[in-house]
Amino acid sequence: MIKREDVYKIGKLGKTHGVSGELSFLFDDDVFDRADADYLILDIDNILVPFFIEEYRFKTDNNAIIKFEGIDTQDRAREFTGSDVYFPRELNDEEENGLSWAAIVGFDIIDASTSKTVGRIASVDDSTINILFELEDGKLIPASEELITDIDKHKKTITIDLPKGILEL
């Protein structure tokens with residue numbers, strides 16, 4: 001059984017494409033291409049299910065057309081539209097410095113000065129030049145490289161030298 005903590009969301013399936021079971025795949029992280037993955041994981045009725053990739057091709061920087069093994073008709077593909085797509089953390093063998101923003105969702109933030117857990121990253125706002133970690137409790141923490149003192153991929157923690165008073169905002 002695949003556990004949620006062992007995967008991270010990389011995108012969502014869109015509309016069907018053609019009649020042979022292809023789907024539009026809108027992604028935030030192209031790790032499936034960089035890691036040469038054989039499969040992706042779909043959230044089907046709140047159960048994580050692996051699907052083997054038959055083929056894919058890029059349309060844009062964040063959109064691909066993907067075909068999974070065993071899904072050969074438009075009607076069958078339509079059943080998966082809107083499904084969230086996940087990637088196994090264990091297949092993302094990038095160096096810690098090369099982790100994508102999507103890969104660190106779910107990591108705990110540790111305050112470097114107190115060694116205490118501040119919260120868990122729910123999302124990353126990279127829409128502006130000042131990237132922010134949004135924690136599950138809604139707090140925003142700057143994701144500046146100058147503040148990050150350590151990333152532990154195995155413990156799923158990021159240690160940050162937090163600016164004084166940032167947690168009171």
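The values are calculated or read from the model by the stated rules, or taken from the named source; none is laboratory data. Note that the coordinates shown come from a computational prediction; the quantities given were computed from them, not determined experimentally. Every residue, glycine as well, gets a Cβ built from its backbone with ideal geometry; the counts of neighbours run over all protein chains shown. Just the protein is used for accessible areas: all its heavy atoms, side chains included, with ligands, DNA and RNA removed. Shrake-Rupley method; radii C 1.70, N 1.55, O 1.52, S 1.80 Å.
For segment 54-70, filtering for residues that are farther than 20 Å from Ala103 by Cα and surrounded by fewer than 16 Cβ atoms within 10 Å (Cβ to Cβ) leaves 8. Select from segment 151-165 the residues that are surrounded by 13 or more Cβ atoms within 10 Å (Cβ to Cβ) and closer than 29 Å to Glu90 by Cβ and write down the one among them that is modelled with the lowest pLDDT. Among residues in segment 151-165 that are surrounded by 13 or more Cβ atoms within 10 Å (Cβ to Cβ) and closer than 29 Å to Glu90 by Cβ, the one modelled with the lowest pLDDT is Lys153. For the structure I just gave you, tell me whether Ile41 is surrounded by fewer than 18 Cβ atoms within 10 Å (Cβ to Cβ), closer than 23 Å to Ser123 by Cβ and among the β-branched types (Val, Ile, Thr). Against the criterion (surrounded by fewer than 18 Cβ atoms within 10 Å (Cβ to Cβ), closer than 23 Å to Ser123 by Cβ and among the β-branched types (Val, Ile, Thr)), Ile41 does not qualify. Looking only at segment 116-142, residues that are open to solvent by 90 Å² or more (accessible area, probe 1.4 Å) and among the hydroxyl-bearing types (Ser, Thr, Tyr) come to 1 in all.
Of all residue pairs spaced 6 or more apart or on separate chains, those with beta-carbon atoms under 7 Å, a first member in segment 148-165 that is on the phi > 0 side of the Ramachandran plot and a second member that is open to solvent by less than 80 Å² (accessible area, probe 1.4 Å) and not in a loop (DSSP other than H, G, I, E, B) are Lys156/Asp108. Meeting the requirement of 3 or more residues that are modelled with pLDDT of 85 or more and within 21 Å of Leu26 (Cα to Cα), the strands (runs of 3 or more DSSP E) wholly within segment 80-146 are 84-88, 117-125.
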